[in-house]
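Report on the structure given below.
The values are calculated or read from the model by the stated rules, or taken from the named source; none is laboratory data. Please read these numbers as outputs of a predicted model, since none were measured by experiment. Because the Cβ atoms are built from the backbone with ideal geometry, glycine has one as well, and the counts that use them run over all protein chains shown. SASA here: full protein model, heavy atoms, side chains in, ligands and nucleic acids out. Shrake-Rupley method; radii C 1.70, N 1.55, O 1.52, S 1.80 Å.
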Amino acid sequence: MTGLMDVLQVDAVLQVMRLEGLRYGRDMEADLFPGKGGAAWQEVVGLVYDIATMRKRFETALAAEFVAGEDAIPAITAFFDTNLGQRILTLEVEARTALMDEAVEDAAVAKVDEMMAEAAPQFGVLQQFADVNDLIDMNVSGAMNSNFSFFMGLAEGGGFAQEMSEEEMLMEVWAQEPDIRAQTERWIYPYLVLAYGPLSEAEMAQYLAFSQSPAGRKLNLALFGAFDQVFASISQDLGRAAASRMIGEDI
């Protein structure tokens, strides 16, 4: 899997995940135990989002996803190990990084609103790309799985005032689904506009065609499956760590 991961620029993606995670840790402190985290909490969050650990977990999960699909790897590599493929991957990482800046996000949202109001053909292509790759539902599912894992970690660490059963946790997660879906929809199109705006019509058509191919579909499912497992592990670790801070123990 190492060769495929290198072609797919996985290390760059993990670096962005770490930056997002450190910011998420600060938000979590503000929500769950304001003023009680400090440097010790940030250190723990940094350990949870350790690049080497995330890479090992991802490689193991990705290999499992391709157990019944290794025949797709040559076609995946053939597409992404090109100037266009590498440019696409770089643009995706840059877009995700840029969206951590609130001003950039606001500008991207405004661009999406403008394209929708004008019924811009380019936006139709982005909608088609999102549909082909099932970006909304897959991201919503991943976020819900992560939230459930976080609750499991909280429960393990004694972070709930009253004990919650797994069924109750699932009910709570499903109650969050409409908000998670709305947040996903608000994020995904600004991301797509930023990531693929620099591509020409012909280049975007090539990427869409690959996404519709058997190899493209296999890669999409494999990446979502592998990242879902990584995020679930991270979320459970964060839940345990947050519980310790909430009940006043040393992390």
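Overview of values
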| item | result |
| --- | --- |
| In Hz, Karplus ³J(HN,Hα) per residue of segment 111-116 (6.51, -1.76, 1.60; θ = phi - 60°; x = Gly, Pro) | 5, 4, 4, 5, 5, 5 |
| Average Cα contact separation per residue, the chain, under 8 Å, 6 or more apart, as relative contact order % | 33 percent |
| Shape of segment 51-185, Cα gyration tensor, a/c cut at 1.5 | oblate |
| Given charges at beta-carbon only (K, R positive; D, E negative), |dipole| of segment 99-212 in Debye | 320 debye |
| Rounded percent of accessible protein surface that carbon and sulfur make up, segment 1-138, 1.4 Å probe | 55 percent |
| Unit charges at the beta carbon, dipole of the chain: most positive-side option, Leu22, Tyr49, Ala12 | Ala12 |
| Cα centroid of segment 29-57 to Cα centroid of segment 128-166, whole Å | 18 Å |
| Estimated [θ] at 222 nm from DSSP helical runs (n ≥ 4, -39500 (n - 2.57)) normalised by residues in the chain, nearest 500 | -27000 deg cm²/dmol |
| Structure-derived semi-axes √(5λ) of the Cα gyration tensor in Å - corresponding label in (1) 33, 22, 17; (2) 45, 21, 14; (3) 29, 21, 16 | (1) |
| Listed residues Ala130, Phe151, Leu170: farthest to the positive end of the dipole of segment 76-190 (Cβ charges) | Ala130 |
| Anchor Lys56: aspartates and glutamates whose Cα lies under 17 Å away (excluding residues fewer than 8 positions away in-chain) | Asp6, Asp11, Glu65, Asp228, Asp237 |
| Cα shape, segment 35-127, gyration tensor, a/c 1.5 rule | oblate |
| Heavy-atom accessible area per residue - the chain, 1.4 Å, Å² | 51 Å² |
| Sulfur and carbon atoms: percent of accessible area, segment 174-251 [1.4 Å] | 53 percent |
| Value of relative contact order over segment 109-183, rounded to a whole percent, pairs C-alpha under 8 Å and six or more apart | 31 percent |
